[in-house]
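Written out below as structure tokens is the structure these notes cover.
Every read-out reported here was derived from the displayed coordinates using simple, explicitly stated rules and does not represent laboratory data. Predicted model, so just to flag it, every value in this text is computed and none were measured. Methodologically, a virtual Cβ is constructed for each residue, glycine included, from the backbone with ideal geometry; neighbour enumeration extends over all protein chains shown.
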Amino acid sequence: MTGAKRIVSGMRPTGALHLGNLHGALQNWINMQEQYECFFFIADWHALTSDYENPGNIENYTRNMMIDWLAAGLSPEKNVLFVQSRVKEHAELFLLLSMITPVPWLERNPTYKEQIDALENRDLSTFGFLGYPVLQAADIIIYKADGVPVGIDQAPHIELTREIARRFNHLYGRVFPEPETVLTETSKILGTDRRKMSKSYNNAIFLSDPPEELRKKASRMITDPSRMKKTDPGDPSICNVFSFHRLYSPGALCAEIDPACRGAEIGCVECKKKMAEHLIEFLAPVRERIEYYRTHTDQVEQVMAEGSDRARRVAAQTLAEVRGAIRI
Ligand code: TRP
Ligand code: SF4
């Protein structure tokens, strides 16, 4: 492993993973596992910052998220896969970093303000929620990450992580490298209603959806919105169903549908049915593995326990250096 760049990233356990997650973050991680030394974790403490009133689902979501990861092809041999709350060193580093992080840096954070407005039904005026990026900085620098693969929405948090690392190094001597943001390309497919795919929009297709559910969701997808009747010509280049075809159907079928749609020779109902069958075929092995792990949760527990042990060994070493640097 010497010389390989180290990658760290996490996901909050907020529910089942959908195709947007798969073709965004997760596929990116799966590609990275071949080349880099990767630490991927489930950020359950971060979930608690907004769900502290109702933490009952976090444990289940954590296990299911690990199942989705494994089923999608993240390897527990190639990566360190773990659960944040099982590596208590994150909390100690979070505490120490909180001593040196100016509050205005946190109040200025754009995602902080956005989230407070977006989740107006919850009281997020907590210390923990303000400190969300400090915990995230601890998650990252505790492994001395070189790179952090995240979506553009997380970029301000990685910038803040660099600033906190720099401040620590300035005050106590150089312990931490400053990690780079490795931007994840957003997935090309949208939700069934053509908005960004998101669990909270109720437009998501989940990795674990059974075939009947996939057929139902496919049949309800919004297509080229200007194609009202079957006799109207359509435009595949703006149709989300066609984006799905591009991902899941054979090239020959795409090449057939494209002109047939433009010439109004194929209807959307038929087109969606074809797409659904290829989507079902694509997801079949993933779903099979999900079913397997759901009935073999001892194996999932073992992955989480072993991964967390491996992570802890690295984190503990960094903490020893940190305590030495601060002399406490
Ligand atoms: N805040 C990230 C998100 O909501 C999750 C996260 C927590 C994370 N700690 C991290 C991502 C460390 C990358 C690195 O998506
Ligand atoms: Fe989209 Fe297919 Fe309908 Fe064309 S025929 S608009 S590609 S669903």
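Stokes-Einstein diffusion coefficient for the chain at 37 °C in a medium of 0.692 mPa s, Rh from the Kirkwood formula over Cα pairs: what value in µm²/s?
Rounded, D is 152 µm²/s.
R0 = 56 Å: FRET efficiency of Arg323 with Glu270, Cβ-based, nearest 0.05?
So the FRET efficiency works out to roughly 0.25.
What is the magnitude of the charge dipole of segment 209-290 about its Cα centre, with +1 placed on the Cβ of each Lys and Arg, -1 on the Cβ of each Asp and Glu, and no other charges, expressed in debye to the nearest 20?
220
Can you work out ³J(HN,Hα) from phi for every residue in segment 22-31, in order, using Karplus 6.51 cos²θ - 1.76 cosθ + 1.60 and θ = phi - 60°, giving whole Hz and x for Gly and Pro?
5, 7, x, 4, 5, 4, 4, 5, 4, 5
So, in nm, how far is label Arg246 from label Lys78 when the simple model puts each one 7 Å beyond its Cα toward the Cβ?
For Arg246 paired with Lys78, the spin-label model returns 2.5 nm.
Taking Cα pairs under 8 Å and at least six residues apart, what relative contact order does the chain come out at, in percent?
23
Cut-off under 14 Å on the C-alpha distance; same-chain residues fewer than 8 positions from Lys5 excluded. Which aspartates and glutamates are left, in chain and number order?
Glu34, Glu37, Asp146, Glu178, Glu180
Based on C-alpha coordinates, I'd like the Rg and Dmax of segment 86-220, in Å.
18.6, 60
Take peptides 250-259, 184-193, 270-279 and line them up by average Cβ neighbours within 10 Å, highest first, as a rough protection proxy.
270-279, 184-193, 250-259
For the peptides 52-61, 215-224, 85-94, what is the packing order when you average, over each peptide's residues, the other Cβ atoms within 10 Å and list the highest mean first?
Top to bottom by mean Cβ count within 10 Å: 85-94, 215-224, 52-61.
Let me know the charge dipole size of the chain about its Cα centre in debye, to the nearest 20, where only the beta-carbon of Lys, Arg (+1) and Asp, Glu (-1) is charged.
260
Need the list of lysines near Lys88 for cross-linking: C-alpha distance under 18 angstrom, and skip anything on the same chain fewer than eight residues off.
Straight-line reach from Lys88, under 18 Å: Lys144.
Could you work out the mean projected area of the convex hull around the alpha carbons of segment 209-290, in square nanometres to one decimal?
Result: a mean projected hull area of 5.0 nm².
Cα to Cα, under 26 Å, and not fewer than 8 places away if on the same chain: which lysines meet these conditions relative to Lys216?
Excluding near neighbours in sequence, the set is Lys188, Lys196, Lys199, Lys229, Lys230, Lys272, Lys273, Lys274.
Which order do peptides 161-169, 297-305 fall in by mean Cβ count within 10 Å, highest first?
161-169, 297-305
With the dipole of the chain worked out from charges on the C-beta (+1 for Lys and Arg, -1 for Asp and Glu) around the Cα centre, which of Ala305, His278, Asn28 lies farthest toward the positive end?
Towards the positive end, the residue furthest out is Asn28.
Taking the Cα centre of segment 1-159 as origin, work out the dipole magnitude from +1 charges on Lys and Arg Cβ and -1 charges on Asp and Glu Cβ, in debye rounded to 20.
Here segment 1-159 has a charge dipole of around 340 debye.
How big is segment 1-110 along each principal axis, measuring the range of its Cα positions in Å and listing the largest first?
39, 38, 27
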